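A quick write-up on the structure given underneath.
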Amino acid sequence: MAEEPTKAGYAGGGDREGDDEQVVNPWEVTAKDGGKIDYDKLIEKFGCQRLDESLVRRVERLTGRPAHVFLRRGVFFAHRDFNEILDVYERGEKFFLYTGRGPSSEALHMGHLVPFMFTKYLQDAFKVPLVIQLTDDEKCMWKNLTVEESKRLARENAKDIIACGFDITRTFIFSDFSYVGGAFYENMVKVAKCVTFNKVVGIFGFTNEDHIGKISFPPVQAVPSFPSSFPHLFSGKDDLRCLIPCAIDQDPYFRMTRDVAPRIGYQKPALIESSFFPALQGETGKMSASDPNSAIYVTDSSKDIKNKVNRYAFSGGQDSIENHRKYGANLEVDIPVKYLGFFLEDDAELDHIKKEYGAGRMLTGEVKKRLVEVLSELVERHQKARALVTDEVVDAFMAVRPLPQMFG
Amino acid sequence: MAEEPKNGDAVGSGVGGREAEEEQVVNPWEVTAKDGGKIDYDKLIEKFGCQRLEEPLVRRVERLTGRPAHVFLRRGVFFAHRDFNEILDVYERGEKFYLYTGRGPSSEALHFGHLVPFMFTKYLQDAFKVPLVIQLTDDEKCMWKNLTVEESKRLARENAKDIIACGFDITRTFIFSDFNYVGGAFYENMVKVAKCVTFNKVVGIFGFTNEDHIGKISFPPVQAVPSFPSSFPHLFSGKDNLRCLIPCAIDQDPYFRMTRDVAPRIGYQKPALIESSFFPALQGETGKMSASDPNSAIYVTDSSKDIKNKVNRYAFSGGQDSIENHRKYGANLEVDIPVKYLGFFLEDDAELDHIRKEYGAGRMLTGEVKKRLIEVLSELVERHQRARASVTDEMVDAFMAVRPLPHMFS
């Protein structure tokens, strides 16, 4: 299976030729000509694999429980070596999970929670340890924040992450500014030796005008894939496999990591990748921290949610009730239905809504009403959990400590 | 005074594509004179934009410290500086500063040239009674010499023993290796510095290219940040304005030119520098000292027999080819290695002057000069080896322990 992307690694960036290609990298996601992201093309270009039905069924068999809604609905739709992880698990061996967040703001929206909700499910279903990286150094460098502000945001974001329900006996959260050093730094150097400047230009689109902080960052996000980066957790377990749930825009980091790993005697991490969470205004819109109406935030009240969904959620319904009854809704562009695809657990109910709405028998208002319910419940649950997360709880998750029960 | 070098930063027309060596190349990884000649230090100072260390400064140091200046100062071994006068101003006001020097632990075989900055730094520590941090750049050697992490760390500890044998004060000295110490406040400062230096800039300063790996490209901030007291919270917490003085060989200047450029942009003081010329190879200034050629240098592990043999057989002589010619014309002191080495290591100014006068006039023969050198070097090496033999792993651990130094300024 083609590991390497088909053209040069980098899907656009620096000097893009007139948007005739979509751009997907950790700092930019832009569809071609203001359209939608073509995921088939992306998978082909990146060289990863479609996560098909049979793998989802296999997960259910191995874990003895229904697959997470994100798997069932194809939110997590691509992977690298996920089948190998399942082989490892089936043999009775272990693996560990690694995911992360770049703490650029305090305002998390539902899209930010997606990888964490899914990772919690994976932790519970497979009963494996998890490391969560907060790349405060990255945000300090890319968003030009002070070191202090980046560290502060990392701790604040950690609270929302903890509120997703991770198991403290199996979870280590760390921020780069606090944790980089020792074995982690040794691995950064090992990786950095294997990646030329030309290579990161090709993968990430860096240029000669970029500062050397950016250029030196990729190894920082690569090395949590290696168990030896966490001697307090995985000492003596150098062959422990790693599975990385993440959004597909993070793929370049781990394509690079997988290329380097065998050259430094390490296992390649496996990936399970999600598509992009659409903005309220539609897939062609941009979710932006500076536009509060482009997303549902975890701090929104039920009133906010109702308001945003009703006023800003892009509707695929027809412009009049008559036309709607005649033609039905365009499910391809309808945001409420897409959001329900993420968050409405009940497959049967979702199918029903899609059928009725698509046939024009259900109106936009009903669909939006249902979404408002689902989101309000989710957000309320999150806010309750978040309110319980004290600084002491954060310290506990972030303490460098062994996790004796992490595989138990 | 011109801070920036002339003709763009990189001395030498780059490491990648040099135009037929019409310029000398001086950077941390390469020192090559023009057309196989000698390094032109005047041109270097002008190009780098640092200052000559003049006699009045040496006299000032003696006045302030109440002792004779170190032989390296008297003989112009340490011959250039940046802001050393400011450090003396600070000291004269009763304020403090700290010292920062280092080594790239690329091999176990240290020679005398390697000891020069450490001998001088010990003198500075004793004369000014100030703390000192010593950086062992094991990460750099891992990257440039393609050593394993384990080997780099091992070499760092071995080199630390030779460094400790130079006689540093354990109550005022913190030795650290990057693989052990990078992290926390040190890493925060690395990021702050890295944000201020573009790839283009490091190409200009160090000669990096697009084919270099990102480890090399990311390294300069690692050597920059020990210049900032906030990199050592266990030592200098609350002393953010503490000035730093860096004794080093002049090929390290690019790192600190970069550091001085960045410092004010991140709210830090610029480090001061005091810089030495290059220690010549046994075969002469145009020769290359090389770890793979044991006869190109005197190693700290050499026996008296080795030293006698090397000096007699390989030390380049400025003497004439026959005794008659020598008596007639005298020795060429410009190229004579034994005299140069005595310039570094013979403490007695009067004796050195005598030797130069007599040898230059042809009244003293090469054999005598070499004999004196052998005595001086043998004594030095023996003293070093004795001190080295007493340095245990526990002592290394003690110097490298992350601990406060409560008496570091007394």
Q) Where Lys and Arg each count +1 and Asp and Glu each count -1, what net charge lies around B:TYR41 among other residues with Cβ under 13 Å from its Cβ? A) -2
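Let me know the mean shielding of A:203-213 by other chains, meaning the per-residue number of their Cβ atoms within 10 Å of its Cβ.
Values: counts 0, 0, 0, 2, 3, 6, 4, 3, 10, 18, 11.
Averaged over the peptide's residues, the number is 5.
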Q: Find out how many positive minus negative residues lie around A:LEU86, taking Lys and Arg as positive, Asp and Glu as negative, among other residues whose Cβ is under 15 Å from that of A:LEU86.
A: +1
Q | Inter-chain Cβ neighbour average for residues B:218-231, partner chain, 10 Å | A | 1
**Q.** Of the DSSP H helices in chain A, those whose Cα atoms cover at least 20 Å axially and whose Kyte score averages -0.5 or more
**A.** A:110-126
Q: Among A:ILE335, A:ALA387, A:SER104, flag the residue with its Cα farthest along the positive direction of the charge dipole of the protein assembly as shown, charges on Cβ as +1 for Lys/Arg and -1 for Asp/Glu.
A: A:ALA387
Q | Extension gain from B:GLU347 to B:ASP169, taking 0.36 nm per residue of separation minus the Cα-Cα distance | A | 61.9 nm
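Hey, got the dipole for the protein assembly as shown? About the Cα centre, +1 on K and R Cβ, -1 on D and E Cβ, debye to the nearest 20? Walk me through the numbers on the way to the answer.
Working: 108 positive and 121 negative charges, 242 e Å.
So the magnitude is around 1160 debye.
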Q: Report the paramagnetic label zone for B:LYS371: residues of the stretch B:320-364 whose backbone N is under 15 Å from a point 7 Å from Cα along the Cα-to-Cβ axis.
A: B:355, B:359, B:363-364
Q) Under 20 Å from a point 7 Å along the Cα-to-Cβ line of B:SER292: which residues of the stretch B:137-151 have their amide N that close? A) B:141-148
(Q) Per-residue counts of other Cβ atoms within 10 Å, averaged by peptide: what ranking do you get for A:226-232, B:262-268, highest first? (A) A:226-232, B:262-268
Q.
Taking every DSSP beta bridge with both residues inside chain A, roughly what % is antiparallel (nearest 5)?
A. 40
Q) Local charge sum around B:GLU151 (other residues, Cβ-Cβ under 10 Å, Lys/Arg +1, Asp/Glu -1)? A) +2
Q.
Given R₀ = 51 Å, what would the calculated FRET efficiency be for B:ASP393 paired with A:ARG61, taking r from the Cβ atoms and rounding to 0.05?
A. 0.40
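Enter the mean number of other protein chain beta carbons within 10 Å of the beta carbon of each residue in B:195-201, as an integer. Present the calculation step by step, with values, prior to reporting the outcome.
Numbers: counts 8, 3, 3, 9, 11, 6, 4.
Going residue by residue through B:195-201 and averaging, the value is 6.
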Q.
Loop-only GluC sites (Glu not before Pro) in the stretch B:326-393, please: DSSP not H, G, I, E or B, and at most 16 other Cβ atoms within 10 Å.
A. B:GLU334, B:GLU347
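Taken together, the values in this text are just the output of simple stated rules run on the coordinates, not laboratory data. Predicted model, so just to flag it, every value in this text is computed and none were measured. So basically every Cβ, Gly included, is an ideal-geometry build from the backbone, and we count neighbours across all protein chains shown.
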